[in-house]
1. Looking at the chain as a GNM with Cα springs under 10 Å, which of THR170, THR63, THR251 has the largest mean-square fluctuation?
2. Using a simple spin-label model with points 7 Å from Cα along the Cα→Cβ vector, what separation in nm is obtained for GLN200 and ALA29?
3. Extent of the stretch 1-80 along each principal axis, from alpha carbon coordinates, in Å, largest to smallest?
4. Give the lysines whose C-alpha is closer than 25 Å to that of LYS91, dropping any in the same chain fewer than 8 places away, or say none.
5. Can you tell me the convex hull volume per residue for the stretch 45-197, based on C-alpha atoms, in Å³ to the nearest whole number?
6. Give me the three principal axis extents of the chain from the C-alpha atoms, as integers in angstrom, largest value leading.
7. How far is it, in nm, from the label point at MET1 to the one at MET280 when both lie 7 Å from their Cα along the line to the Cβ?
8. Using a basic spin-label model with each label point 7 Å from the Cα along Cα→Cβ, how many nm lie between VAL338 and GLU319?
Amino acid sequence: MPTALNALETPALLLDEPRMMANIARLSARLRALGVPLRPHVKTAKCIEVALAMTGGAPGPITVSTLREAERFAQAGFRDITYAVGISANKLPHVAELLARGVRLTVILDSVEAAVAVAGFMRGRREGLDVLIEIDTDGHRAGVQPESPDLLAVAHALQAPQVALMGVLTHAGESYQCKGDEALRAMAEQERAGAVLAAQRLRAAGHPAPVVSVGSTPTALSAVDLSGVTEVRAGVFVFFDLVMAGVGVCTPEQIAVSVLTTVIGHQDHRGWTLCDAGWMALSRDRGTAAQAVDQGYGLVCDAAGQVLPDFIVSAVSQEHGTITHRSGDPTRRLNLPVGTMLRILPNHACATGAQHDRYRVLDESGGVAREWERFGGW
Ligand SMILES: Cc1ncc(COP(=O)(O)O)c(C=O)c1O
């Protein structure tokens, strides 16, 4: 029998499993139609059960953001893992341990220095290491420009018997700034075209480069053509969040994670309702601050998950959240008694999730059917 929400101590991280499964089905159907497999990024979830749901019930290829994730998912049977943060020399012994345990780990890099370090470290080792060169297709963060001569210099520096240059990887993080479907489609095409161009240049220079890996949630959900791409990595799509709703790739009703909180007091003359979800439970992420609709520290729903339009957590301290109307008008206050439970939708699912050690998993009844562990650290 599922446990009723009012039996929980708050704050608590809730995961609506039917919404999560619908989110997975939505992206899977899109990618199936485009003929490209998903290598989900599991950094949002950091949870074995969620990763299994993303890979269709059995361990499949995944992307991770830490070697701790690689460890934990390898222990659970995931053997094909891409570590999608530029590798540094101080992590190579840890990489070697994972390889020795039979994990097929792929690392990424975008500099000759890192390539020299990897090639030097792998020389004379028994296991081989797969490497992807990170490509910058949108000026967002890391990577070699697709047309840059540096691409071939990095590839050249990787020449070593135990190193296989498998291809290229890019992440169009600038898609989070896109406004409108057309801009999203254009960004998806820019991501695809840049990655494919880089792979073609490697092939023309004699490197096989079979892998062309792209992905972010907005571009994965917007691409209309993925010719030349061999895999898509998306992660936050599994839960979605208010930033993704602001970008326009989901609605608040599709967000699968929320923080259950309890009303603990009021300051009626100020229009404040105080709850027990502060920044420890919600995170300090203000990712919607730069968007058209600023959601404060989170959008308020009733305990059943119905959005209470325009009520947001407008201020936080460590264990207090202050709920107000987004207008700040003190007469438009949430008139709910102390003890009332509410749910807060997060700005950024990865950041809010990171504050919690487990998910309370809701089934169709809206009750807590199970608990799933969530981990963190490096
Ligand atoms: C390298 C890389 N690939 C894929 C992703 C997945 O993107 P999203 O969280 O938008 O699904 C991320 C997210 O930060 C990333 O850093």
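Every number here is computed from the coordinates shown, using simple stated rules; none is lab data. The structure presented is a predicted model; accordingly, all values stated were derived computationally and were not measured. Positions of Cβ are generated from backbone atoms using ideal geometry, with glycine treated the same way; all protein chains shown enter the neighbour counts.
1. Per the Cα network of the chain with a 10 Å cutoff, THR251 tops the list.
2. Computed distance between label sites GLN200 and ALA29 equals 3.3 nm.
3. 44, 31, 21 Å, listed from the longest principal axis down.
4. Straight-line reach from LYS91, under 25 Å: LYS43, LYS46.
5. Dividing the Cα hull volume of the stretch 45-197 by its residues yields 117 Å³.
6. 70, 42, 36
7. About 3.2 nm, to one decimal.
8. Output for this residue pair reads 1.6 nm.
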